[in-house]
Amino acid sequence: MLNYLIRRFVVIVIMAFIISFASFVLLYSAPGGPLEQLASLQSTTRRPDPDEVERIMKRYDLDLDIGVRFLRWLIGHPRGAIMINGQEIAQNFQVGCLKPGKAQLVYPDGRVEEINCAKPVYLRDLDGRPVSNGVIALDFGRSQQLARERPVSQLINTRLGPTLLLMGVSTFLAIAIAIPIGVYSAVRQYSRFDYFFTTLAFFGSGMPTLFTGVMGILIFALIFKDLGLPYLPAGLATSNRDVVIPLFGQIESGSVADRIWHLILPVGVLTFFSLAGWTRFIRSSMLEVLRQDYVRTARAKGLIERVVIMKHALRNALIPFVTLLAGVLPTLFGGAIITESVFSWPGIGKLFINSLTASDYPVAIAYLLISTFLTLVGFLVSDVLYTIVDPRIRMS
Amino acid sequence: MSSVAPAAAKGARVAGKANAGSDRSDLMLDVQGLKTYFYTEDGVVKAVDGVDLKVKRGETVGIVGESGCGKSVTSLSIMRLVGAPGKIVEGRIIFDGTNLLELPEKEMTQIRGNRISMVFQQPTTCLNPVFKIGDQIAEVLNIHQSLGKEAGWKRAIELLRMVGIPEPQKRVHAYPHEISGGQAQRVMIAMALACAPELLIADEPTTALDVTIQAQILDLMRDLRDKTGTSIMLITHDLGVIAEMCERVVVMYAGQVVEEADVYTLFARPLHPYTQGLIGSIPVLGKVREHLDVIPGTVPNLLNPPPGCRFEPRCQACQGAARERCKVETPPLREVEPNHWVRCWMYEK
Amino acid sequence: MASTTADLPAASRGIALRKSEGQWTIVLRRFRRHRLAMISLFVLVLIFVASLMAPILAPFPRDATGLAPRFSPPLTTNPQTGTLHILGTDHVGRDFFTRLLYAARITLSVAFSVATAATLIGMTLGALAGYFRGIVDSIVMRVLEFMASIPDFPILLIIASILITDPKLLPYPPFVLDLIGNLMLLNSVGTERAQVLTMIVVLTLFGWTGAARLMRGMVLSVRERDFIESARSLGANNVRIILRHVVPNAFPPLVVAYTLSLAGALTAETALSFLGVGITDPTPTWGNMLQFATNFMLTNPWVPLIPGIPVVLCSLGFNFIGDGLRDALDPRLKM
């Protein structure tokens, strides 16, 4: 068991490393970084100021080779010449280039070498340059666009609460509603109840949250307000000032009631959407189990139908359910990108999409990395849970 | 393991039954005109179509027939466990004087597993994979005898010992996937006998097992029957099992009973052409025969059964004018000699 | 209750895989019984035909701005030409109905291209992996496992934000761009064609795994059967065996998967364009129209309905047709 866990964890770390490197290369070679933003700011008035360009390149390590940049981002090193026993080593190792072009390098012994860089950057030049502690110390660097110079981890921290709240509540609700509906639909297969809820589930999963979200705002926020009915807010997680709702009373800004009031619509949209999937899963898994011989045995024992269903069948039907929980873990952190965007919900999903449209790559990479890590951990967790819920499976 | 001499024991019991045979109250189970149909997309499948069946106290009755002849559906109907799209359409199932089909579901649950138990064909899939064996046996005791967890487990160990499972105090903690098929069937039998039922329905209890294990399980069942005096309804397609276990035999074909007699009569003098075919198809050990008799053709489609005698399309008994009647009119089940019933026009007086 | 239903005659079990003259009649009959699927088919054909006839039906040029005051309500008459703005105008005074028609053409073409390409690629890879096993199989399987263990939507967004918003990064042969441009009536100046094409490429990149998995499983289960052995012993070559024996068996679930992937591609494109990392204005898609619409919905609440309703009709429609096909082609697949 322990062996298995260790082995799996090593795989996770390797996978996370590969993905982080791939996304690092991808995003840092992508257009639209701070340099381009500077260029677009300045192009209207004058040509980019070369000093300003160099300053920005140094600030964001844009002058360094991709490998060195990746290392500094990942572990926060190198930070200058390497010291061994008080001796500086490899201080003249070239790690990047500040200005492309041709130059001649004259060695002390008189040798001359032609190099493809007008302003080479050496390891010793990294002394004193600002650097993060590295991703492995959970330091994802600083935001470049969205919130200039604020640490990414701080940015994520402020957004984590709303996302956990939204995703936690909607996931819990969806599962809590889906289990009884799915079970009952399976037990009464082809009944009116089953037909109604399978169709409803179809609508739920067929309608993009994009649409249901916008329609929700239209109906419950705009039309209800116009009609003088108790309406719901069109977005955000709290009100800026106290609000009076018709037929309900005053809601104080920032109070618990205010938070719940803001939760209702996005939670409703997300629950309706994911409810469909959960219900269908439980229903089909339950139908499969109800066909099994041991359910007949349970009935033949003289158990009443409720016990047959709730104990013997459901316990088995919930086994594959565990695999789905693996998928829940990353979304609890990552949020629902579309729903958060529709409702301007100040969560992590919205932060991510903002970082992409603003080319704030440190934020985007941090999001991707944490999501990947949690996805992989989710699989591990579901594997472990599997051995707990299904005695037939042993880890090896 | 079971050292009871079967033949002697059986002979004694048959004699005992003969004396009390006429006593009405001696009937454990009396199935009358049972009809169980399946309402499928393509039409109504008449899986059981007018079955009559009697099991006396302490008696072992065999039900024999090809797969698909309605044996299993009959047994599930008795337990009232036929699920959709199947439905019991007609008939009475009188168990110890009460018609089971008229009981409310709640009272039925008090009979299942308590007064009537069932053992199925596939022991490994019949045990719930996520519960320990002890839990599954203790559960029966808990619902019918209100035994607590501890007492239930203690009794479960005793039952496992009774059915011949080695190291029962260890085995009781095993999960179903950790034991062999033969052991699983022993567990199923232990579970079925936990509440000392008056009737045990065994639906092909040995079919899925190895031949050597089959013999052991049959020995065990015979042994337990002799100890407890339970009536047994044994469903099988294996005439060898019937010969070894039963006192009376009911032969089913295409959802109907075609012949019924005591085991000796049936084997010595089968009357129905189908039974004759069945018996003719048994290979006899030590006897060299030119060829085994085979019944030509296949079991009829129960969606559209033949209008007359259901065996008519495969019957080789008679030809000519007599045959015409078989094609249009279903023969009734008739007592052609004392306690020997046959469904065939040939024996009409 | 397994044992009781297992005893039923074969007639009550599935009909799908049996080859006979009447197979398609049966499929058609079963499909027609699915009322929602029939309605969906009707609605989708209507939208499809309308999108094909976009240049004829559209009363105004696609990108002409300032035709009428911004957010003129539906059924406003154009002050200059007297033509009706059937659905009103958008935030820069473009005709909504015209843009909706062109958007339908683009969105549906993207969905069909993605679903078709992804299914074909997935089928091929899955068939190769399942049929030849060995190294091909392990490579395909590793890739599938990798794709399954990454958070795909965030990665899709990242790739989209890099590639689609700056489509110059990928070199496309001009004839492909021309083809796409002519199909979807796109402007040949600027990056419009390249952007739409990149959208197709990116979505295909993420969309092929389902078909591959399905096909591989099918091939694995079919290849051991007797008739493959006999076909092989009769000298049929591998490609022939796959095309003649495996594909027909895999056909029912693949058709269902294809229909559902149409819905998937459509919603994915809409989502990307809505989030601003997909096809961008002035190229109309339902997604980016919806994005602008939501920005102005507080003052003009009817506006999001205009692109929103076709999105939901198509998404639901493809789903229902997929469900209907599942019931019709193979009743055993019924959930």
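The values are calculated or read from the model by the stated rules, or taken from the named source; none is laboratory data. The shown structure was predicted, so the numbers you read here are calculated from the model rather than taken from an experiment. So basically every Cβ, Gly included, is an ideal-geometry build from the backbone, and we count neighbours across all protein chains shown. Remember, those area values only see protein heavy atoms, side chains included, never the ligands or the DNA or RNA. Shrake-Rupley method; radii C 1.70, N 1.55, O 1.52, S 1.80 Å.
For the stretch A:1-77, which fully contained helices (runs of 4 or more DSSP H) count at least 3 residues that are within 14 Å of another protein chain (Cβ to nearest Cβ), open to solvent by 50 Å² or more (accessible area, probe 1.4 Å) and at pLDDT 80 or above?
Passing ranges, in order: A:2-28.
Listed conditions (1) open to solvent by less than 10 Å² (accessible area, probe 1.4 Å); (2) within 14 Å of chain B (Cβ to nearest Cβ); (3) out of contact with any helix residue (DSSP H, G or I) (no Cβ under 7 Å at 6 or more places or on another chain) are all met by A:MET310, apart from (1).
Checking each residue in the stretch C:162-185 for being open to solvent by 60 Å² or more (accessible area, probe 1.4 Å) and closer than 24 Å to C:ASP63 by Cα picks out C:THR165, C:LYS168, C:PRO174, C:ASP178, C:LEU179, C:ASN182, C:LEU183.
Does C:LEU163 satisfy the criteria of being in contact with an Asp or Glu (Cβ under 8 Å, 6 or more places away or on another chain) and on the phi < 0 side of the Ramachandran plot? No; evaluated as a whole, the condition is false for this residue. I'm trying to understand the selection: among the residues of the stretch B:107-117, which are more than 7 Å from chain A (Cβ to nearest Cβ) and assigned to a loop (DSSP other than H, G, I, E, B)? Residue satisfying the conditions is B:ARG115 alone. Give the stretch C:186-240 a look and list any residue that's over 16 Å from C:ILE164 (Cα atoms), surrounded by 15 or more Cβ atoms within 10 Å (Cβ to Cβ) and acidic (Asp, Glu), or say none. None; the set is empty.
Restricting to the stretch C:163-187, name every residue that is under 21 Å from C:ARG99 (Cβ atoms), more than 14 Å from every other protein chain (Cβ to nearest Cβ) and assigned to a loop (DSSP other than H, G, I, E, B). Residues satisfying the conditions are C:LEU185, C:LEU186, C:ASN187. The single condition among (1) surrounded by 22 or more Cβ atoms within 10 Å (Cβ to Cβ); (2) farther than 20 Å from C:TYR102 by Cβ; (3) without any contact (Cβ under 8 Å) to a residue 40 or more places away in the chain that C:PHE274 does not satisfy is (2). Close Cβ contacts (under 9 Å, 6 or more residues apart or on different chains) running from residues in the stretch B:140-162 that are within 16 Å of B:MET188 (Cβ to Cβ) to residues that are among the basic types (Lys, Arg) comprise B:VAL140/A:LYS301; B:LEU141/B:ARG155; B:LEU160/B:ARG171; B:LEU160/B:ARG186; B:MET162/B:LYS227.
Checking each residue in the stretch B:59-77 for being of a type outside the set (Ser, Thr, Tyr) and closer than 23 Å to B:GLU335 by Cβ picks out B:GLU59, B:VAL61, B:GLY62, B:ILE63, B:VAL64, B:GLY65, B:CYS69, B:GLY70, B:LYS71.
In the stretch B:69-100, of all residues being part of a loop (DSSP other than H, G, I, E, B) and either more than 14 Å from chain C (Cβ to nearest Cβ) or under 14 Å from the mean Cα position of the chain (by Cα) (or both), the one that is farthest from B:HIS340 (Cα to Cα) corresponds to B:MET79. Scan the stretch C:127-143 and give yes if some residue there is open to solvent by 30 Å² or more (accessible area, probe 1.4 Å) and within 14 Å of chain A (Cβ to nearest Cβ), otherwise no. Yes, some residue in the stretch C:127-143 is open to solvent by 30 Å² or more (accessible area, probe 1.4 Å) and within 14 Å of chain A (Cβ to nearest Cβ). The set of residues from the stretch B:29-68 being farther than 17 Å from B:GLY91 by Cβ, more than 14 Å from chain C (Cβ to nearest Cβ) and among the charged types (D, E, K, R) comprises B:LYS56, B:ARG57, B:GLU59. The single residue among A:ALA326, A:ALA298 that is assigned to a helix (DSSP H, G or I) and either facing chain B (nearest Cβ under 9 Å) or aromatic (Phe, Trp, Tyr) (or both) turns out to be A:ALA298. Restricting attention to the stretch A:167-214 and to residues that are assigned to a helix (DSSP H, G or I) and among the charged types (D, E, K, R), the residue that is nearest to the other protein chains (Cβ to nearest Cβ) turns out to be A:ASP194.
Scanning the stretch A:258-295 for residues that are open to solvent by 50 Å² or more (accessible area, probe 1.4 Å) and in a helix (DSSP H, G or I), we see that the one that is nearest to the other protein chains (Cβ to nearest Cβ) is A:ARG280.
Being touching a Gly at 6+ places or on another chain (Cβ under 7 Å), of a type in the set (S, T, N, Q) and facing chain A (nearest Cβ under 8 Å) is the requirement here; does B:GLN122 meet it? Here the answer is no, as B:GLN122 does not meet what is asked.
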